[in-house]
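Here's the structure, in structure tokens; my notes come after.
The values are calculated or read from the model by the stated rules, or taken from the named source; none is laboratory data. All values derive from a computational prediction rather than experimental measurement. Here the Cβ positions follow ideal geometry from the backbone for every residue, glycine too, while neighbour counts run over all protein chains shown.
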Ligand SMILES: [Zn+2]
């Protein structure tokens, strides 16, 4: 028999992270740094594991190196209409996830930008 | 308190797409077998720990219904969850209850009905097994994608190939043929794996474990009780556990699971053994690449050389260290809540020389279970002796 469907809609707070989410819309990619110990965070966070909450935002370097990638064929609910390659890119002290455009290999150079919603890495070579 | 903890009874349901039972009847199969195996009745159980991830079934709070159906009302106050390592989390809780002296006989039940939702829903739930907001939400990563990222990096750094990875799947399917409780009992070839459809590149359908329903149950006892009621206890000699970041990107390495290495080292040191002492292991082969990485994380092979064990047949029956001779997650099936306890079921059968056609030959009777939750978000390694 059929069970009762369960629709779950979520509201997620972005308080303290407006800079990140608004930044994506404007083409900016930002991370946080602890002013006390210097730790850098991506995903960004507003509290440092050193105990300090005195953090600053900074722009992530735009040139990165592909560490690994995967093209998703069997897609999850919500992504059926996209074709995409998930990549992890190293930019200095940080590694971040993005969608890669082009023909990546491990070690490819990429230039990072946003498409207004998420981080995109254009494969340079 | 008891300084030693033994496995005294084990049960394992048939794994597969179990449209014929709800979660409670499924758990019953494993619980009844474990009680019969131990020669105990419900009255003997002091405490029950129920492991279930539950999100893919209608019973999202499954512990009460499972406990009630099995006659364990009043004895089942805890449900645990550690993603794909939920069964081992239940086992560790049982172990701790006995070590502390709180209980003498503890039943751990691991159960999941994973096929009550469709595949797209299942992938959306699995994709959340990591960092929701900064990875899944933005990039549509599925659970196979996470291991695909490890596979791609392993291939680039160590020259591991898709054919190499396929060997792990072929081996799993070969052994599942003789396990009547296995989900996928069908022999496959390297070519079949390579030609199966891509799920998340470079992983293909036959690199992935199936979505399974299943249950496993294990009864643990204190040393005093175990010696009284059985002459074939399997002792837990060492427990190791660790965890890792939710976000995959922030780990900085994608060829090895730090949490699994740490869990293994802790378990080895507590048991007073080295990797070369292990004669039999159940390894967490949720994907073909995961079996190769497991060999390396457990110290059976050097970093980057895990595939050589497969190529040389060293992890086959009669090899240096037999692994997953019941078919592994890949072919036996991988009901998340049950898997860790199903590993203990398998090890107990092997250590008692009750494994029939897939019986491994032991000299010292030292075995190990390696159970990973998420993509190394949780890791449990336990060492066993006879
Ligand atoms: Zn700090």
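Considering only residues of the range A:52-65 that are away from chain B (no Cβ under 14 Å) and more than 16 Å from the ligand (Cβ to nearest atom), which is farthest from residue A:89 (Cα to Cα)? Restricting to residues being away from chain B (no Cβ under 14 Å) and more than 16 Å from the ligand (Cβ to nearest atom), the top hit is A:59. Looking at the range B:99-113, is at least one residue out of contact with any strand residue (DSSP E or B) (no Cβ under 6 Å at 6 or more places or on another chain) and buried (at least 20 other Cβ atoms within 10 Å of the Cβ)? Checking the range B:99-113: at least one residue is out of contact with any strand residue (DSSP E or B) (no Cβ under 6 Å at 6 or more places or on another chain) and buried (at least 20 other Cβ atoms within 10 Å of the Cβ).
Residues in the range B:137-150 that are part of a helix (DSSP H, G or I) and touching a residue at least 12 places away in the same chain (Cβ under 8 Å): B:143, B:144, B:145, B:146, B:147, B:148, B:149, B:150.
For residue A:2, the test of being assigned by TED's automatic domain parsing to the domain that holds residue A:116 and either more than 16 Å from the ligand (Cβ to nearest atom) or part of a loop (DSSP other than H, G, I, E, B) (or both) is failed.
Kindly evaluate residue A:104 against the criterion of being in a loop (DSSP other than H, G, I, E, B), under 30 Å from residue A:16 (Cβ atoms) and at the interface with another protein chain (Cβ under 10 Å from one of its Cβ atoms). No.
Against the definition (without any contact (Cβ under 8 Å) to a residue 24 or more places away in the chain, crowded, with 22+ Cβ neighbours inside 10 Å and either within 14 Å of another protein chain (Cβ to nearest Cβ) or outside any helix (DSSP H, G or I) (or both)), how does residue B:126 come out, yes or no? Considered against the rule, which asks whether it is without any contact (Cβ under 8 Å) to a residue 24 or more places away in the chain, crowded, with 22+ Cβ neighbours inside 10 Å and either within 14 Å of another protein chain (Cβ to nearest Cβ) or outside any helix (DSSP H, G or I) (or both), residue B:126 comes out as yes. Could you tell me whether residue B:108 is more than 9 Å from every other protein chain (Cβ to nearest Cβ) and farther than 18 Å from residue B:66 by Cβ? Considered against the rule, which asks whether it is more than 9 Å from every other protein chain (Cβ to nearest Cβ) and farther than 18 Å from residue B:66 by Cβ, residue B:108 comes out as no.
A single member of B:183, B:173 is away from chain A (no Cβ under 12 Å), in contact with a helix residue (DSSP H, G or I) (Cβ under 7 Å, 6 or more places away or on another chain), at pLDDT 95 or above and not in a helix (DSSP H, G or I), and it is B:183.
Hey, can you tell me all the residues within the range A:68-91 that are facing another protein chain (nearest Cβ under 7 Å) and in a strand (DSSP E or B)? Across the range A:68-91, the qualifying residues are A:68, A:69, A:70, A:71, A:72, A:84, A:86, A:88. Can you tell me which residue within the range A:17-51, out of those that are within 13 Å of chain B (Cβ to nearest Cβ), in a loop (DSSP other than H, G, I, E, B) and more than 16 Å from the ligand (Cβ to nearest atom), is surrounded by the most Cβ atoms within 10 Å (Cβ to Cβ)? Filtering first and then ranking leaves A:29. Residue B:294 fulfils the conditions (1) modelled with pLDDT of 95 or more; (2) surrounded by fewer than 20 Cβ atoms within 10 Å (Cβ to Cβ) except for a single criterion, (2).
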